[in-house]
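FYI, it's all coordinate maths here, none of it is from the lab. All of these numbers come straight from a predicted model, not from anything done at the bench. Ideal geometry is used to build each Cβ from the backbone, glycine not excepted, and the neighbour counts take in all protein chains shown.
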2 protein chains.
Amino acid sequence: MDWIALDWGGSHLRAWAMVGDKPVAHLADDCGTGTLSRGEFGPALLALVGEWLDDTRCIPAYACGMLGSRQGWVEAPYRAVPCAPLGGGLVAAPQTDPRIQVHVVPGLKQARPADVMRGEETQIAGFLALNPGWDGVICLPGTHSKWAHVSAGEVVSFQTFLTGESFALLSDRSVLRHGMAGWDEAGFDAGLAQGLDRPDRLLSRLFTLRAEGLLDGLDPATARARLSGLLIGAELAAAKPYWLGQRVAVLGAGDLAALYARALDGLSVPVSAHTAEAATLAGLAAARAAHVKDAQCAT
Amino acid sequence: MDWIALDWGGSHLRAWAMVGDKPVAHLADDCGTGTLSRGEFGPALLALVGEWLDDTRCIPAYACGMLGSRQGWVEAPYRAVPCAPLGGGLVAAPQTDPRIQVHVVPGLKQARPADVMRGEETQIAGFLALNPGWDGVICLPGTHSKWAHVSAGEVVSFQTFLTGESFALLSDRSVLRHGMAGWDEAGFDAGLAQGLDRPDRLLSRLFTLRAEGLLDGLDPATARARLSGLLIGAELAAAKPYWLGQRVAVLGAGDLAALYARALDGLSVPVSAHTAEAATLAGLAAARAAHVKDAQCAT
């Protein structure tokens, strides 16, 4: 093992043992940054990857995600777009164990409209490393979906949508939860069409799901998929300035990336879907390579 | 005391001791229907109003709200619009104590777009009783905001928006909760203008609140009020077919009704704000009067 790659988000910690740019082992748990106070990061990391460490050396780790936020392990101040997704500014976390040293990749910020990302910049960098010279729009669906306009190796602008978090809150905690379970593809397509057509009607379409459940016995799988379609449709409608006339790469977990890619394909957008994990690892590898090179130049 | 008026919603139980159409005493607790299984309704009611009962007679109670739903005390099947807001169909709850008998007002349903209300029909009826011959649009803001087109004493159509529930989920349980506290009038106005102007951008404007908190130190009172404005603005934009060219009566709790009335006034809509409680009591009194008259005709 040469180094450790870490994706440390609000609700998860994922680690890969790396040889060069290749993962040779993977571990994960749900010790997200949201569950930890500052002093708990070091112990949480050792609890997961301790078995990979040995007393003969200090292994470097490269990390992206919310661990670099103000409430995280160590703050890695945002870099302002337009800029390359990676460009130095790595911040060393407090060394709580002599066998490992974590370097944190900073996120990106945009002044107007105000926006921030942490973790996605690494995925974007990884995608560009895997697809040299690529220009276009990168869509990163999820809890906080991101759309980024990428040109000449730089993130020019980006926009975040609260789509995934809204879906989770509405399907699990709102009045809609009573009639939601499973998944139905046709329900998703119907919601997507409604959301794309009239994104301004979202707040009333949400209650229609409940009313159809009460009056028409709407199937819970249809209801849940239609809710997802309504929200993703509203996101796509509002993100039109990003995808119109562009090619789009969707980076995400398999099912979600496929949903977005299918929706964009239905809008005649040239689109490809990619696994977020491969992009994350390629991005962290790029961050490491640049860091090692900087260190060699400095000595 | 002649009778008892009950407003029994998902999260509250409110009771008034009535002499004719006038309340002479009021009690309330948070034993909403959402917290009760079917067998617990009778005991919950006695726990609140037991002190008002005596062994010499059976006092009638008239009730509106979620206690008439399928998961409530007794199902009072919806009546279909267009129809008068009240029109018979009262359902007697199981009599669990000889000193009180509860009669439940049915809600209203609409086939297309599917929609339902329980409780608001009584407020609409009460408003019409207090304002005879009134035609126009009634707006009932709240957890599930309702807009109803009323003509010649009938509810012609109505539409529900998940505005209040979305505000509660987003301000209390989403990532936005970290920077939300208090209230700032200018923040509300700014959000209202944004929501009215571009309701389709709601999902991205939500995240902008978070980003401005991180990057610009957005004041928590401004953030919370702007969130409210964004949601109410989006509701008003989508409800335009209801209020355009109409006069609007807003029935609601004081602060919320005032917010909606001010927003509608800003759109040059002739608007008046009214206390929901007075409308509820007038509506239940009307339901009682019709019920007593029916009983007399039957004997």
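Under 5 Å between amide hydrogens, which residues at least 5 positions from A:ALA84 or on another chain qualify, with H placed 1.01 Å from N in the peptide plane? So A:ALA84 has HN proximity to A:VAL155. Residue exposure proxy: A:LEU162, A:LEU48, B:LEU176, ordered by other Cβ atoms within 10 angstrom of their Cβ from fewest to most, comes out as A:LEU48, B:LEU176, A:LEU162. Across chain A, Cα pairs under 8 Å and at least six residues apart give a relative contact order of 15 percent.
Counting from the shortest, the label point at A:GLY266, 7 Å from Cα toward Cβ, is 3.5 nm from the same position in each remaining copy. Within the shell defined by Cβ-Cβ distances under 11 Å, the residues around A:ALA273 carry a net charge of -1, with Lys and Arg each +1 and Asp and Glu each -1. Other residues with beta-carbon under 12 Å from the beta-carbon of B:GLY187 carry, at +1 per Lys or Arg and -1 per Asp or Glu, a net charge of -3. Can you list, bin by bin at 10 Å, the percent of alpha carbon pairs in the stretch A:77-139, starting at 0? Using 10 Å bins, I get a P(r) of 19, 44, 27, 9, 1 for the stretch A:77-139. Over the stretch A:26-112, the pair-distance histogram of Cα-Cα distances with 5 Å bins from zero comes to 3, 14, 23, 23, 17, 11, 6, 2, 1, 0 percent, rounded to whole numbers. The value of relative contact order for the stretch B:1-155, using C-alpha pairs under 8 Å at least six residues apart, is 18 percent.
Go ahead and run the numbers for FRET between B:ALA290 and A:ASP29, Cβ-Cβ distance against an R0 of 56 Å, rounding to 0.05. That gives a FRET efficiency of 0.35. Annotation for the stretch B:69-173: GluC sites (Glu not before Pro) lying in DSSP loop with at most 14 further Cβ atoms inside 10 Å of their Cβ are B:GLU75.
Determine, for B:LYS240, B:LYS146, the number of other Cβ atoms within 10 Å of each Cβ, and report the residues in order from fewest to most. Least crowded to most crowded, the residues run B:LYS240, B:LYS146.
For the stretch B:39-168, dividing the convex hull volume of the Cα atoms by the residue count gives 131 Å³ per residue.
What fraction of the Cα pairs in the stretch B:117-188, stated in percent, has a spacing above 19 angstrom? Value for the stretch B:117-188 (Cα pairs over 19 Å): 49 percent. The stretch B:202-229 and the stretch B:95-163 have Cα centres spaced 34 Å apart. Over the residues of chain B, the helix contribution to mean residue ellipticity at 222 nm works out to -12500 deg cm²/dmol, using -39500 (n - 2.57) for each DSSP H run of at least 4. Cα-based values for the protein assembly as shown, radius of gyration first and Dmax second, are 28.4, 104 Å. Counting only Cα atoms, the stretch A:224-265 measures 31, 21, 14 Å along its principal axes, largest extent leading. Considering only A:GLY153, A:GLY191, A:ALA168, and ranking their Cα positions along the charge dipole of the stretch A:147-202 that arises from unit charges at the beta-carbon of Lys, Arg, Asp and Glu, the one farthest toward the positive end is A:ALA168.
Across the copies of the chain, B:GLY133 has label points (7 Å from Cα along Cα→Cβ) spaced 8.0 nm apart, shortest distance listed first. Quick one: work out the % antiparallel among DSSP beta bridges in the protein assembly as shown, nearest 5. Here the antiparallel bridges make up roughly 60 percent for the protein assembly as shown.
All C-alpha pair distances within the stretch B:169-299, sorted into 10 Å bins from zero, spread as 12, 33, 26, 16, 8, 5, 1, 0 percent across the bins. Using a 7 Å projection from Cα along Cα-to-Cβ, the label point at A:ALA111 is separated from the same position in the remaining copies by 5.8 nm, smallest value first. With N the number of residues in chain B, Rg(Cα) / (2.2 N^0.38 Å) evaluates to 1.07. Against the compact-protein benchmark of 2.2 N^0.38 Å, the Cα-based radius of gyration of the stretch A:226-299 scales to 1.52.
Using alpha carbon coordinates only, what is the Rg to Rh ratio of the stretch B:1-63, with Rh defined as the Kirkwood radius? Reported Rg/Rh, Kirkwood definition of Rh: 0.96. Sketch the reach of a paramagnetic label on B:CYS83 as a point 7 Å from Cα along Cα-to-Cβ, and name the residues of the stretch B:106-149 whose backbone nitrogen lies under 11 Å away. Counting backbone N atoms under 11 Å from the label point, the list is B:106-110.
The Cβ shell under 12 Å around B:VAL150 holds other residues with a net charge of -2, Lys and Arg each +1, Asp and Glu each -1. The modelled label-to-label distance for the pair A:SER37/A:ASP2, using points 7 Å beyond Cα in the direction of Cβ, is 4.0 nm. The simple spin-label model puts a point 7 Å past each Cα toward its Cβ; for A:ARG99 and B:ASP255 those points are separated by 5.5 nm.
Counting only alpha carbon atoms, the long axis of helix A:202-216 and the longest principal axis of chain A meet at about 60°.
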